[in-house]
1. Given a Förster radius of 30 Å and the C-beta distance between Ser240 and Gln11 as r, what FRET efficiency does 1/(1 + (r/R0)^6) yield to the nearest 0.05?
2. Roughly what % of DSSP beta bridges within the chain run antiparallel, to the nearest 5?
3. Determine the per residue accessible area of the stretch 61-143 with all protein chains present and a 1.4 angstrom probe, expressed in square angstrom.
4. Residue-wise, which Karplus ³J(HN,Hα) couplings in Hz belong to the stretch 217-226, taking 6.51 cos²θ - 1.76 cosθ + 1.60, θ = phi - 60°, and x for glycine or proline?
5. Considering the chain, what Rg and Dmax in Å follow from its alpha-carbon atoms?
6. Can you pull the Kirkwood radius for the stretch 115-270, inverse mean 1/r over Cα pairs, to one decimal in Å?
7. How many nm is it between the label spots at Ser170 and Asn212, if each spot is 7 Å from the Cα in line with the beta carbon?
8. Considering only protein heavy atoms, what per residue accessible area in square angstrom results for the stretch 265-327 with a 1.4 angstrom probe?
Amino acid sequence: MSDSNLLTVQQHILREQLRFSGASGEFSFLLSGITLATKIIQAQVRRAGLVDVLGEHGGVNVQGEIQQKLDVIANEAIVQALTSRASVGVLASEENEEPMIVHKGDSEAKYAVVFDPLDGSSNIDVNVSVGTTFSILRRPEGAAGDNPEAWVLQPGTEQVAAGYVVYGSSTILVYSVGHGVHGFTLDPAIGAYVLSHPNMTMPDRGKYYSVNEANADSFPDKYNKYLAGLRNGQYGTKYSSRYIGSMVADFHRTLLKGGVFLYPPTADNAEGKLRLLYEANPVAFLAEQAGGVALDGKNRMLEVKPTSIHQRVPLVVGSKAEMDDFVALED
Ligand code: P6P
């Protein structure tokens, strides 16, 4: 790509921002806070083996999961970057039990950002890709500044933007404001995310399925019937299995190559393991924008009504053809 074609994510966001009626640049300033924070995170992830950020922070997060040091660093990077954005009223993080009221009562505060600062962090110590996910919601009409739950407990259809960063062989930011999905690769030489995957669309059908098969004995029958059909060629091709154990990386491959990613209900997690607000919803928003489908196993993911911030939900997300095959199976 010659420099003359270079389009950074900031330029892209400003152009996308023009689609928002009455937008005053605050939205692009908000998104720039997220991109800045992810640059800070990737710098730490890239150096994880060199500085004392590997291993456990010693704390336990709201999920009861031992916090890795990088989880905490990543969380602080996002919170600090977004706290300085006047348009942000509420922050809700996978790492914090309660949502944070950022600019209480400030009339400019009109957005809530829900995020997982470092998804898949247990993979850090073995140099496997991890990611950051985010979802941006508008303050509901009449929601009080001191009622943060009202800001964040909205169905995924209300997202004004969503995205992720995957810290892999390269660092790639993928986001949508509801007009297609666009991917940007971080160019370390200039410290900017540069457009590398314009208008991403999921292939109609792929050749991979992605699920933790160690839990298969407790999957509901429908899931095992479906997976067997994928393996034995019932759906036209014999699928291969790919499972990284970092949702962002597994979804990124599914977005690029097609196929299906699933986290079904299991014996340990009857409602699935992934969280609705900051894992399933951003992914579902992007999947639909890219021509794919995302379900909670039965219903359209984006229409699931949240009841709690860290609510878990089963997730089946993938190409149209694979999802039609799944839906066609009887429960
Ligand atoms: P399991 C990472 O901890 C995570 O939240 C997702 O990124 C990933 O898809 C899932 O959990 C992996 O869970 O049970 O397969 O190890």
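The values are calculated or read from the model by the stated rules, or taken from the named source; none is laboratory data. Just so it is clear, the model here is predicted, and its values are computed rather than measured. We place every Cβ from the backbone using ideal geometry, glycine too, and count neighbours over all the protein chains shown. Note: accessible area is taken over every heavy atom of the protein model, side chains too, but ligands, DNA and RNA are not part of it. Shrake-Rupley method; radii C 1.70, N 1.55, O 1.52, S 1.80 Å.
1. Working: r = 38 Å, r/R0 = 1.28.
Calculated value: 0.20.
2. Working: 44 of 53 bridges.
Roughly 85 percent of the beta bridges in the chain run antiparallel, per DSSP.
3. On the way: 3150 Å² over 83 residues.
Value for the stretch 61-143: 38 Å² per residue.
4. 4, 10, 5, x, 3, 4, 5, 5, 5, 5
5. Just the Cα atoms of the chain yield Rg and Dmax of 19.1, 58 Å.
6. Values: mean 1/r = 0.0563 Å⁻¹.
Evaluated on the stretch 115-270, it is 17.8 Å.
7. Here the answer is 3.0 nm between the modelled labels.
8. Using a 1.4 Å probe on heavy atoms only, each residue of the stretch 265-327 averages 34 Å².
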